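FYI, it's all coordinate maths here, none of it is from the lab. Here the structure is a predicted model, which is why all the values come from computation and not from measurement. Cβ placement follows ideal geometry from the backbone for every residue including glycine, while neighbour counts extend to all protein chains displayed.
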Amino acid sequence: MPTASAGSLTLPAKLTGSEEMAYDAQELETRWQKAWDDSGVFEVESDSSKPKFYCLEMFPYPSGHMHMGHVRNYSIGDAMARFQRLMGKNVLYPMGYDSFGMPAENAAKKEGGHPHDVTHSNISSIRSDQERMGYSYDWRRFLATSDVDYYKWNQEMFLTLNERGLVERRMAPVNWCTDCDTVLANEQVKNNRCWRCGLEVVQRDMAQWFLKMTEYSDELLDELDNISFPENVKAMQRNWIGRSHGAHIDFPVVGSDSVIGAFTTRPDTIFGVTFVTLSPEHPLCEEICEGTQWEEGWSELRDECAKMSEFERINMLKEKKGVFLGRNAINPMNGEEVPIYAGNFVVASYGTGAVMAVPGHDQRDFDFAKAYDLEIRRVLTKGSGDDPNSPLTEAFEGYGHMVNSSKDGFDGLSGEDAMNAVIEALEDSGAGHGTVEYRLKDWLLSRQRFWGTPIPMIHCESCGIVPVPKDELPVELPLDVVFSEEQSGNPLASHRQFIDVACPVCGGNAKRETDTMDTFFDSSWYFMRFCDASNESQPFDRASVDYWMEGGVDLYIGGIEHAVMHLLYARFFTKFTRDAGMNSVGEPFGRLVCQGMLNAPAPYCEKCNSEYHIDNFGTDCPTCGSSLSSRNAKMSKSLGNTVSPEEMVSKFGADTVRLFILFGANPEAGMDWSDSALEANNRQISSIIDAVVQAITLDGSPSEMDEWLMAKLSRNQTSWTEAMSDVSLREGVMISHFEMLSDWSWYLRRGGCDPKTARHFLEGWIPMLAPATPHIAEEFWLKLDGDGLLASHILEPVQLTSGSDSAIAREAYIRDLITSGRNLRSLAERHSEKEITRAVIQTAAKWKTDMARDAIRLNLEGFDFKTQGQSHVQTLEIFQDESKRGDVFQTWQSITTGSKKKRGRIHSWSDGQKSLISGGLDEKAVIQENADFIAASLGVNTVEVYRVGQGEDVGGKARISFPLEPGIAFL
RNA sequence: GCAGGGGUACCCGAGUGGUCAAAGGGGCUGGGUUUAGGUCCCAGUGCGUAGUGCUUCGCAGGUUCGAAUCCUGCCCCCUGCACCA
């Protein structure tokens, strides 16, 4: 038996009925973890003969320990990886660490030592937490981005980017975080605050390294239509890239050679321009007003805007403010002179930092014009009834027909036509052209920090900036660097041995670049490295990446916080490497799933509408003093409502934690932590163990329940496979861990006891338990004497047999009978003076079931009951009996067309019910055979059953009896 | 303001045209088990009723033989972006 590697067993191989499986989760789980590890069962290689599945989680930053958010992320991924292996896929499921970055550097500063050591001890601790959860990673593909084995390829990729003209060093106003002592990329600034530390960023002019991501703007945007990302992530990326189509229009400055270039998305409003607005920082401002009476006003405005952060400018300044700059500009379409203003609402960094102002058709310009008494001109009408000369009370921003054009050939045009006509005219006169603007900026890559990949560039006194030759890589981070709290800035900058270098071109004195790369560079291609993680001659082999990443990573799971940053950079990298001939992939992630928040109870004050740290449980609100209630809030350190995975695992075992996480909510949904629910899941596992032990030790003979059980297994497998394939893990787990168990219970309750059936059932069921709870599943597999490790087992779906539908329908019939019997019994009790002891069941008269069968057949043939039903029913033999005519009509109607409120039964019967009727189910016989069970379920001593007419019409129930709905009288 | 996602029973939450008075879980109620509590098991949980009924899925209309599900308008909530020209 290949399972020998599992070591000593908790249980004897053969169980007797009374024995219970001692569930020692700690022992059992670590034993199987070791068995999986020893067998190397999760190690994979490219294999073009098998369909592949690349399952990946956003790799973690190695802070001290794994937290619940990680557990959720990886439990989802592991369930999917294990599921896909069961489906016969070649599954790549790797794990690594995003280990460069500030926290390690800060820790080193605080505690002394080197970030390298801090990082490595963190990695081993988080890795052992992951191993304890039983995640099925191919650990041979382990990588840590701060290892030189990895970051040397960062440097090579950087040089490749440089070769392809995608690297640029330029002076630019950049976002600077004083707390982190470094610049930040646009994507890393949220509400003008640093994404990591939350401090407000300031603007500085610095020479920095940029990656020209904007070269891929269009593809990054357009390809969003073809990939399976959640809509909100797509929306965020679209928003971020911010493509707008429009025109660039040149407005010459009167009495000067200068020209103001303005971008507009609405060239159709060109004739409505009554002034031009520049951002106060615009270089032309000074030139225009220098030495005039207007200069002072402008410099005041500029200083006022500069003092404020961008955040304040947006939120505090509701009022439009501007100053005239003393000169006019010429509208190139009509030669009209319009005044030039500087305005506080014009953003320097978007478009050209200059706006052609059309107050009639732009609300901001309208407000500005009102404040400064400028002309508001209508050049579009809403419709035919709209008077082109009536004054506007607000800007009309929609599309409309051009009017009041001071040039022929434009009035009457609207929308696209109008815009195209204007663009064409501008292009003819050379005063402008159609163009596209993007909100996306190039990626600011350099960081003034130590713990990152050194940028492989050299500053030579005579040759300028020179790339490090590829064969001289890596440029290693020195280990002999001293960190201390007093020291700020990058210690590389004062490390002589690192800095001083000979120029690779001329051999003269040169200095190394001391900036390091943004750590998002590391995570922009790690998923490709995983495909070929031990390659020593290149970042990755093209064939490996093409195999594993065809169609992208099949499932990528992580948090929504990376919707713009990481996901956009990774997409850019995949496109650049494709164009560099390193792969043919193009899009990195085929399907992205963003897991929801994990919440846990925290003290909550309804009055103040805020949550407090859990230390406040049992006290009054620290703000207002009213009593605190409890509410679920995002698990966070600040609220202290985090739950330690280690503690939960040591208490309940990894399987319980995994089951709870997966059953608690679907991956995308938010999820509330609940101790009682966790315990309930732990009990569910115990119930499953009991059921499996019982199934293994079953001792009896076959019955008609066997077919039912196998039919249910088959159906459940089908719906389970569907749910799991779709990453609807909650639904999947509900089937595998709840419905399967309740089917088994029903089987037993109904007298099923065949060991052979039980074994077949377990062979189908146990693999379904593995994705969520792999350890107990593996243990069951061993107990069942299954073939090899369950971890490498491929599930053969159970085939439906011909009688499946009716077996299931038959049991459903009994269930329905009991359910309605129970309801009726409580009614009967009110009408009965003595205690109820027996039930008399009358099944429908033969003519009724014949009629039902007839109707089902006719319905299949496309018979039109509405028009032909009446005449058809009159041809029936039973109709000739005059005393029954009313009843016959009514029954026919109930079966076929139904009443106003209730549909005909041919529409409401399930396929199984129809097959019972068509197959001539003998209801009386079914009830008779199961009389004891039914009697017990209905709480009566005896059940009598006969067909209407074959016995006394007890309680007048014959009237009510209907096919599949017998009349029941309680006595 | 723009974009995306939502509003389902006491609560959470599944449900995209008929098999829906609506899965599952929690809570609550009753019964069993127990010395008791807890656990566990069974049942109930819109109203009505010795039965085929009535009323519900944010609000108001509409399409349909039939709507929680499709369409239109409105209200409210969450998330992201935002004087982006």
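Please list, in order along the stretch A:747-753, the HN-Hα scalar couplings obtained from phi with the Karplus expression 6.51 cos²θ - 1.76 cosθ + 1.60 (θ = phi - 60°), rounded to whole Hz, x for Gly and Pro.
4, 5, 4, 8, x, x, 7
Give the lysines whose C-alpha is closer than 19 Å to that of A:Lys234, dropping any in the same chain fewer than 8 places away, or say none.
Partners found: A:Lys190, A:Lys441, A:Lys575.
Between A:Phe589 and residues 5 or more places away or on another chain, which pairs have amide H atoms under 5 Å apart, with H built 1.01 Å from N, and which residues are they?
A:Val553
Can you tell me the order of A:651-660, A:791-800 when each peptide is scored by its average per-residue count of other Cβ atoms within 10 angstrom, highest first? Kindly include the intermediate steps, with their values, before the conclusion.
On the way: A:651-660: 24.7, A:791-800: 15.4.
Going from most to least packed, we get A:651-660, A:791-800.
Listing A:Tyr438, A:Tyr151 from the residue with the fewest other Cβ atoms within 10 Å to the one with the most, what is the order? Could you put the intermediate results ahead of the total?
Working: A:Tyr438 17, A:Tyr151 26.
By the 10 Å Cβ count, ascending, the order reads A:Tyr438, A:Tyr151.
Measure up A:Lys34/A:Lys109; A:Lys866/A:Lys924; A:Lys834/A:Lys924; A:Lys89/A:Lys152; A:Lys109/A:Lys470 against 30 Å on the Cα-Cα distance and list the ones that go over.
Numbers: A:Lys34/A:Lys109 38 Å; A:Lys866/A:Lys924 32 Å; A:Lys834/A:Lys924 27 Å; A:Lys89/A:Lys152 33 Å; A:Lys109/A:Lys470 32 Å.
A:Lys34/A:Lys109; A:Lys866/A:Lys924; A:Lys89/A:Lys152; A:Lys109/A:Lys470, as the Cα separations exceed 30 Å there.
Going by C-beta contacts inside 10 Å, put A:Ser414, A:Ser908, A:Ser915 in order with the fewest on the left. Kindly include the intermediate steps, with their values, before the conclusion.
Values: A:Ser414 14, A:Ser908 10, A:Ser915 19.
The most exposed by this proxy come first: A:Ser908, A:Ser414, A:Ser915.
Restricting to chain A, compute how many DSSP beta bridges are antiparallel as a %, nearest 5. Intermediate results must be reported in sequence, preceding the final value.
On the way: 72 of 95 bridges.
Among the beta bridges of chain A, antiparallel pairing accounts for roughly 75 percent.
Apply the a/c threshold of 1.5 to the C-alpha gyration tensor of chain A and tell me whether it is rounded, prolate or oblate. Can you show the working numbers first?
On the way: a/c = 2.55, a/b = 1.54, b/c = 1.66.
Note, shape of chain A comes out oblate.
Given an 8 Å cut-off on Cα distances and at least 6 residues of separation, report the relative contact order of chain A as a percent. Walk me through the intermediate numbers first.
Values: 1681 pairs, mean separation 122.7, N = 971.
In percent, rounded to a whole number, it is 13.
Return the long-range amide H neighbours of A:Leu964 (sequence gap of 5 or more, or a different chain), with a cut-off of under 5 Å between placed amide H atoms.
A:Ala844
Taking the number of other C-beta atoms within 10 Å as the exposure measure, put A:Arg238, A:Arg571 in order starting with the fewest.
Values: A:Arg238 14, A:Arg571 25.
Sorted ascending by nearby Cβ count, the order is A:Arg238, A:Arg571.
Could you list which residues have their amide H under 5 Å from that of A:Gln208, counting only those 5 or more apart in sequence or on another chain, with H placed in the peptide plane?
Hits under the 5 Å cutoff: A:Arg170, A:Met171, A:Ala172.
By its C-alpha gyration tensor, with a ≥ b ≥ c as the square roots of the eigenvalues, how is the stretch A:94-230 shaped: rounded for a/c under 1.5, else prolate for a/b larger than b/c, else oblate? Before the final figure, lay out the partial values.
Details: a/c = 1.71, a/b = 1.25, b/c = 1.37.
Oblate shape, in that a/c is at least 1.5 and b/c is the bigger or equal ratio.
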